[in-house]
Amino acid sequence: MAERDLLEEAIALEKHWSKTVEFRGPGYENYSGERRRYMAKAVASFKPKSVLEVGCFGGYNLREIHKIDPSISLTGYDTNLEALNYLNQKAPYVRTIQGSIYELGKVFAESKFDVVFTSGVLIHIPCFDKKSNTVDSRLIEGIIQDIAGLATKGIVHGEHNGDSFAKVPEKGMRYIHNFKEMYTGVKKITVEDAIEPGGGFEHLIKVSL
């Protein structure tokens with residue numbers, strides 16, 4: 001089968017995540033490790049009043065944030081409507097909005113949030129054109145620009161960071177991004193190895209604005 005180009009790959013991956021029902025499987029709902037609490041604490045460290053999770057799926061991270069501080073206004077954004085309905089049942093205190101990650105800036109054109117975060121989401125944004133065998137980071141850079149435009153205090157990513165943009169070997173759906181290169185002009189950016197790394201959440205990236 002012929003390799004897909006960058007845009008074809010992006011469309012195919014988003015279609016997959018818009019239809020999957022993995023969000024209600026035991027691997028997600030019954031996960032009992034420290035990683036979600038680790039992410040929630042990183043978000044809460046900015047002492048936000050409002051938080052947006054891009055690619056919230058079943059809202060597991062948002063639920064952990066609510067446990068830390070129920071006063072935080074939480075919004076979950078995802079392409080998967082069934083996952084958002086599931087989240088509404090599990091955590092009715094979360095406002096949910098369906099939409100494409102590639103239309104993030106348009107959907108939230110009139111909105112601001114103290115903190116915006118992602119967890120194991122941007123790893124599925126292609127930055128390598130498999131058809132031409134070349135790096136092409138325009139899609140991820142556009143998303144990062146949108147995220148930076150929505151956040152007022154900080155940004156947190158649980159993703160796979162690297163010194164360059166690349167496709168993860170033997171992982172057809174995963175990509176490595178250079179977050180330090182994309183976040184220029186910010187007050188501070190730190191990258192650390194994640195607790196219980198895996199599933200694309202290999203590093204914790206914190207951006208202070």
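How much FRET efficiency would the formula 1/(1 + (r/R0)^6) give for Gln98 and Tyr31, where r is the Cβ-Cβ distance and R0 is 30 Å, rounded to 0.05?
The value I calculate is 0.80.
Please report how far the C-alpha centroid of the stretch 172-209 lies from that of the stretch 110-158, rounded to the nearest whole angstrom.
10
Which of these, Glu34, Glu170, Glu141, has the largest mean-square fluctuation under a Gaussian network model of the chain (Cα springs below 10 Å)?
Its mean-square fluctuation being the largest, the pick is Glu170.
In the neighborhood of Gln89, defined by Cβ-to-Cβ distances under 15 Å, what is the net charge if each Lys or Arg adds +1 and each Asp or Glu adds -1?
Combined, the nearby Lys, Arg, Asp and Glu give +1.
Which residues' amide hydrogens lie under 5 Å from the amide hydrogen of Ile125, considering only partners 5 or more residues apart or on another chain, with H built in the peptide plane?
Tyr175
Does anyone have the angle between helix 81-90 and the longest principal axis of the chain? Alpha-carbon axes, 0 to 90°, nearest 10?
For helix 81-90, the angle is close to 20 degrees.
I want the local charge near Gly172. Using Cβ-Cβ distances under 12 Å, sum +1 for each Lys or Arg and -1 for each Asp or Glu among the other residues.
Its environment carries a net charge of +2.
List Ile68, Ile147, Ile189 from most exposed to least, where exposure is judged by having the fewest other Cβ atoms within 10 Å.
Ile68, Ile189, Ile147
Using a Gaussian network for the chain with springs between C-alpha atoms less than 10 Å apart, which of these wobbles most: Asn161, Asn133, Asn85?
Asn133
Enter the angle in degrees (range 0 to 90, nearest 10) between the Cα long axis of helix 6-19 and the first principal axis of the Cα atoms of the chain, meaning the one along which they spread out most.
Here the helix axis deviates by roughly 40 degrees.
Grab the DSSP H runs of the chain that are 4 residues or longer, score each as -39,500 (n - 2.57), total them, divide by all residues and round the 222 nm result to the nearest 500 deg cm²/dmol.
Counting only the DSSP helices, I get -9000 deg cm²/dmol.
In terms of modelled amide H atoms, which long-range or inter-chain residues lie less than 5 Å from the amide H of Ala194?
His203, Leu204
Where does helix 138-150 land angle-wise versus the long Cα axis of the chain, in degrees 0 to 90, nearest 10?
Here the helix axis deviates by roughly 20 degrees.
Quick one: if you stick a label point 7 Å off each Cα along the C-beta vector at Lys131 and Lys47, how many nm between them?
Placing both labels 7 Å along Cα→Cβ, they lie 5.1 nm apart.
Suppose R0 equals 22 Å; then what is the FRET efficiency for Ala148 and Ser73 from their Cβ-Cβ distance, rounded to the nearest 0.05?
Given R0 = 22 Å and the Cβ-Cβ separation, E is 0.65.
With springs only between Cα atoms under 10 Å apart, run a GNM on the chain and tell me which of Gly162, Gly172, Gly185 wobbles the most.
Gly185
Below 14 angstrom from the Cβ of Val135, what's the summed charge of the other residues (Lys, Arg +1; Asp, Glu -1)?
-3
No value in this document is a laboratory result; all are computed from the given coordinates. Everything numeric here is computed off the predicted structure, so don't read it as measured data. For neighbour counting, all protein chains shown are included, and Cβ atoms are generated from backbone atoms with ideal geometry for every residue, glycine included.
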